Amino acid sequence: MALPAVLQHLRLPVICSPMFIASGPQLVLAQCKAGLVGAFPALNARPAAMLDTWLTDMQAELAAYQAAHPQAIVGPIAVNQIVHQSNDRLAQDVAVCVQHRVPIIISSLRVPPPEMLAAIHGYGGIVLHDVISIRHAHKALEAGVDGLILVAAGAGGHAGALSPFALVGEVRRFFQGPLALSGAIASGDAILAAQAMGADLAYIGSRWLATREANVSDAYRQALLESSAADIVYTNLFTGVHGNYLKKSIVQAGLDPDNLPQSDKSAMSFASGGNSAAKAWRDIWGAGQGVGLIDDAPAVTEVVERLEYEYREAKKRLAL
């Protein structure tokens, strides 16, 4: 099945993961100007009224950039919506995205309700939904989403525990639509590998944390450069949902990463009046197992050039 038009003609088959706090306008604009899908969580725009400002300004800047560089590949903006009962901004944020005709909505945690899907489909937008299991994939497709983002073992932030080979392979048995794969993808070789196993696109997060444009502290960037896969801790303590975090930040918080207590989903809250998950991402730093491949923190343009070179070289090596 052909990809929706908005996902075709990218510089690389890559969607940049929307990361809490880290993905702001500067990072998203750089990703889009580099020819990739740039994404951010709606909840990063605080207060809520800021979402309209962000989208207005970003869409205007990308339009001006395209006009000034007519031959350039400019990627679309995607906005992540957290579908959770504690997110009291969901309806308002979706309405703002509908007003701006945001071409790609990424829904997370729970399947989007019918009215949300209808509103987005009404102007021609598409909805991609995060899933970590086959059960979640079936539920999302039954709800009417347009594509799936398979969050496999090793992904940064909220992540699953299934091998990408198993997850992609099983989903492809019943779904031939748009499929993105997340999980320790930090090189051009890994982008091609994601396609080889059956995904259409790679979903990359942690690599963008270590860029100049990411809204993270210098200490966070340095921790990324110093870490390897062995320094990633998988726990549900901080948000109630299992995720991957940098061991160094857990130690700095005064906790023993080898003896963390268990939490549950009732601990998760996305209320606009004080987001416990945002505190987690600020103080307990999310990252995927691909950090061992990150050795520097250049500008987004340099990262994309490197990924493109590696992707092309991998194709040559395999005679594709």
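The values are calculated or read from the model by the stated rules, or taken from the named source; none is laboratory data. Quick caveat, the model's predicted, so the values are computed rather than measured. Here Cβ is always computed from backbone atoms with ideal geometry, including for glycine, and neighbour counts include all displayed protein chains.
Numbers below:
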| quantity | calculated |
| --- | --- |
| Within region 131-245, strands (runs of 3 or more DSSP E) holding 3 or more residues that are among the hydrophobic types (A, V, I, L, M, F, W, C) and either assigned by TED's automatic domain parsing to the domain that holds Ser86 or within 22 Å of Pro112 (Cα to Cα) (or both) | 147-151, 179-182, 201-204 |
| Residues that are in a helix (DSSP H, G or I) and within 24 Å of Ile82 (Cα to Cα), drawn from region 3-26 | Val6, Leu7, Pro25, Gln26 |
| Only listed residue being surrounded by fewer than 23 Cβ atoms within 10 Å (Cβ to Cβ), touching a residue at least 40 places away in the same chain (Cβ under 8 Å), within 21 Å of Gly177 (Cβ to Cβ) and not small (Gly, Ala, Ser), chosen from Leu128, Leu117, Leu109 | Leu109 |
| Filter pass, Ser217 being among the polar types (S, T, N, Q) and within 17 Å of Leu293 (Cα to Cα) | no |
| When residues of region 171-189 are limited to those that are touching a Gly at 6+ places or on another chain (Cβ under 7 Å) and without any contact (Cβ under 8 Å) to a residue 40 or more places away in the chain, the one farthest from Lys315 (Cα to Cα) | Arg172 |
| Count of region 64-92 residues which are under 19 Å from Leu27 (Cβ atoms) and either of a type outside the set (Val, Ile, Thr) or in a loop (DSSP other than H, G, I, E, B) (or both) | 11 |
| Residue selected from region 207-257 under the condition of a type in the set (A, V, I, L, M) and within 17 Å of the chain's Cα centre (by Cα), by the criterion farthest from Met19 (Cα to Cα) | Val241 |
| Any pair with Cβ under 8 angstrom, 6 or more apart, that starts in region 195-214 at a residue that is among the acidic types (Asp, Glu) and ends at one that is assigned to a loop (DSSP other than H, G, I, E, B) | Asp200/Leu3; Asp200/Pro13; Asp200/Pro178; Glu213/Ala299 |
| Condition met for Phe165 (aromatic (Phe, Trp, Tyr) and either touching a residue at least 60 places away in the same chain (Cβ under 8 Å) or farther than 26 Å from Leu293 by Cα (or both)) | no |
| Given (1) outside the structural domain of Arg172 (by TED's automatic domain parsing); (2) not in a loop (DSSP other than H, G, I, E, B), number of the condition Leu29 does not satisfy | (1) |
| Residues located in region 93-106, provided they are buried (at least 16 other Cβ atoms within 10 Å of the Cβ) and touching a helix residue (DSSP H, G or I) at 6+ places or on another chain (Cβ under 8 Å) | Asp93, Val94, Val96, Cys97, Val98, His100, Val102, Pro103, Ile104, Ile105 |
| Long-range neighbours under 7 Å by Cβ, at least six apart or interchain, first residue farther than 13 Å from Ile104 by Cα within region 6-27, second modelled with pLDDT under 95 | Met19/Gly157; Phe20/Ala277; Phe20/Ala278; Phe20/Trp281; Ile21/Ala278; Ile21/Trp281; Ile21/Arg282 |
